[in-house]
Amino acid sequence: MAKPNKKAPEKSVDIYCSKCRAPLYKYKKGGKGALVKCFKARIVKNFTMTPCVCPSCASVFARETLIRGMPVFKMIGGKVTYK
């Protein structure tokens, strides 16, 4: 399968916990669709102490997995929002 583009997209989004509105990541998102997965290589700033766990309310918002041979955080539906 094809790997994601080597060059990161221009658009940067802030990802927040839906429960407590704590910032989780600053991420280079490509496309207009919903946030389904975050490639670890595209995360610009990480506010979490433990991977996939909100630092404020300790809720699990994603799962670590491999997609197209790259490590990603696969988001759980409704657990995160982004602007």
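The values are calculated or read from the model by the stated rules, or taken from the named source; none is laboratory data. Since we're looking at a predicted model, the values are computed, not measured. Here Cβ is always computed from backbone atoms with ideal geometry, including for glycine, and neighbour counts include all displayed protein chains.
If a residue must be under 14 Å from the mean Cα position of the chain (by Cα) and either assigned to a loop (DSSP other than H, G, I, E, B) or without any contact (Cβ under 8 Å) to a residue 12 or more places away in the chain (or both), how many such residues does segment 54-64 contain?
In the first step, residues of segment 54-64 are kept if they are under 14 Å from the mean Cα position of the chain (by Cα); the result is 54, 60-64.
Those left that are additionally either assigned to a loop (DSSP other than H, G, I, E, B) or without any contact (Cβ under 8 Å) to a residue 12 or more places away in the chain (or both): 54, 61.
Adding up the residues that qualify gives 2.
Out of 45, 6, 32, report the one residue that is basic (Lys, Arg) and touching a strand residue (DSSP E or B) at 6+ places or on another chain (Cβ under 7 Å). Spell out how you get there, then give the answer.
Numbers: 6 fails: touching a strand residue (DSSP E or B) at 6+ places or on another chain (Cβ under 7 Å); 32 fails: touching a strand residue (DSSP E or B) at 6+ places or on another chain (Cβ under 7 Å).
The conditions single out 45.
Looking at residue 55, is it farther than 14 Å from residue 81 by Cβ, surrounded by 11 or more Cβ atoms within 10 Å (Cβ to Cβ) and either modelled with pLDDT under 95 or small (Gly, Ala, Ser) (or both)?
On the way: farther than 14 Å from residue 81 by Cβ: yes; surrounded by 11 or more Cβ atoms within 10 Å (Cβ to Cβ): yes; either modelled with pLDDT under 95 or small (Gly, Ala, Ser) (or both): no.
Spelling it out, it is not the case that residue 55 is farther than 14 Å from residue 81 by Cβ, surrounded by 11 or more Cβ atoms within 10 Å (Cβ to Cβ) and either modelled with pLDDT under 95 or small (Gly, Ala, Ser) (or both).
Counting only residues that are outside any strand (DSSP E or B), in contact with a strand residue (DSSP E or B) (Cβ under 8 Å, 6 or more places away or on another chain) and within 23 Å of residue 61 (Cα to Cα), how many does segment 9-20 have?
Counting residues in segment 9-20 that are outside any strand (DSSP E or B), in contact with a strand residue (DSSP E or B) (Cβ under 8 Å, 6 or more places away or on another chain) and within 23 Å of residue 61 (Cα to Cα) gives 2.
Can you tell me which residues in segment 34-53 are in contact (Cβ under 8 Å) with a residue 24 or more places away in the chain and in a strand (DSSP E or B)? I'd like the intermediate steps shown before the answer.
Just the residues of segment 34-53 that are in contact (Cβ under 8 Å) with a residue 24 or more places away in the chain, to begin with: 35-42, 44, 47-48.
37, 38, 39, 44 - these are the residues of segment 34-53 that are in contact (Cβ under 8 Å) with a residue 24 or more places away in the chain and in a strand (DSSP E or B).
Write out, first by first residue and then by second, each pair whose Cβ atoms fall under 7 Å of each other, whose residues are 6+ apart or on separate chains, and whose first residue, in segment 1-26, is modelled with pLDDT under 85 while the second is not basic (Lys, Arg).
The qualifying pairs are 3/69; 3/70; 4/39; 4/70; 9/30.
Could you look through segment 60-76, keep only residues that are out of contact with any Ser or Thr (no Cβ under 9 Å at 6 or more places or on another chain) and modelled with pLDDT of 95 or more, and pick out the one that is nearest to residue 6 (Cα to Cα)? Please lay out each step first, then the result.
Here is the first cut: in segment 60-76, the residues out of contact with any Ser or Thr (no Cβ under 9 Å at 6 or more places or on another chain) are 60, 62-70, 75-76.
Those left that are additionally modelled with pLDDT of 95 or more: 60, 62-66, 75-76.
Values: 60: 29, 62: 23, 63: 23, 64: 21, 65: 19, 66: 17, 75: 22, 76: 25 Å.
By that ranking, first place goes to 66.
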